[in-house]
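A short write-up of the structure that comes next.
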Amino acid sequence: MARRPQQRFTEDDFDTLEGRASKTEQKKAVQRMAALGEQLAELSLKQIQKLPVEERLIDALLEVRNITAHEARRRQFLRIGKLLRNEDETVILSYLTPQQGAKKTAQLNRWVDRMIAQGDPAIKEFMKAHNAAEHHPIRQHILRIHRDIAKQLPEDELVASKLKLFNYIQQVALISDN
């Protein structure tokens with residue numbers, strides 16, 4: 001049997017893979033979205049109908065109220081999580097934020113600033129306080145923010161990177177509170 005020639009990887013090959021999530025991270029993201037779907041399903045009927053999302057998602061949220069079997073509910077929430085991936089996280093989180101309150105939102109903003117400034121020690125402390133937090137995604141967001149600062153990107157791009165980190169932190173906080 002002939003040996004395959006060894007393939008040499010260049011720095012460009014790794015740069016293209018940098019933003020990708022591993023399968024484990026993708027699965028955990030689906031679980032996070034399913035947990036957010038569970039919280040959306042707890043909203044009142046009027047609040048669900050007013051959500052600025054696709055009609056299919058609203059129908060799925062209304063259907064889950066009639067499902068009583070555990071496994072069927074679990075699958076429905078996975079479906080809701082899949083539908084949530086197509087929606088804007090910021091809009092969805094804005095509907096769930098009133099449950100947290102302004103004090104909690106300010107606290108999460110302080111966590112974001114602290115993690116950007118201190119790095120791993122602050123991340124570990126946040127993970128102790130919030131059991132749904134994962135080290136790798138937080139670290140990736142922070143590294144991306146530091147890279148944007150080093151490249152001296154425009155302020156709006158830096159704010160967008162910080163917003164992505166805040167959205168992740170807010171999701172984790174919502175899931176951990178339950």
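FYI, it's all coordinate maths here, none of it is from the lab. The structure displayed is predicted, hence computed values, not measured ones. With ideal geometry, Cβ positions are generated from the backbone for all residues, glycine too; neighbour counts draw on all protein chains shown.
Between Asp88 and Glu63, what's the calculated FRET efficiency when r is the beta-carbon distance and R0 is 25 Å? Round to 0.05. Can you show the working numbers first?
Details: r = 22 Å, r/R0 = 0.89.
Using R0 = 25 Å, I get an efficiency of 0.65.
With both labels modelled 7 Å from their Cα along Cα-to-Cβ, the Leu45 to Glu71 distance reads 3.1 nm.
From the Cα gyration tensor of segment 84-178, with a ≥ b ≥ c the square roots of its eigenvalues, which class applies: rounded if a/c is under 1.5, or else prolate if a/b is larger than b/c, or else oblate?
Working: a/c = 1.77, a/b = 1.24, b/c = 1.43.
Oblate, since a/c reaches 1.5 and b/c is not below a/b.
Using the structure shown, select from Lys104/Lys151; Lys128/Lys151; Lys103/Lys128; Lys50/Lys124; Lys23/Lys46; Lys50/Lys103 the pairs with a Cα to Cα distance greater than 28 angstrom. Write down the numbers at each step before the final one.
Values: Lys104/Lys151 32 Å; Lys128/Lys151 32 Å; Lys103/Lys128 20 Å; Lys50/Lys124 38 Å; Lys23/Lys46 36 Å; Lys50/Lys103 25 Å.
Check vs 28 Å cut-off fails for Lys104/Lys151; Lys128/Lys151; Lys50/Lys124; Lys23/Lys46.
At full extension, Leu143 and Val159 could sit 4.3 nm farther apart than now, given 0.36 nm per residue minus the alpha carbon distance.
Take each of the peptides 79-89, 141-151, average the number of other beta-carbon atoms within 10 Å over its residues, and list them starting from the highest. Could the numbers behind the result be given before it?
Working: 79-89: 16.6, 141-151: 14.5.
With the highest mean Cβ count within 10 Å placed first, the list reads 79-89, 141-151.
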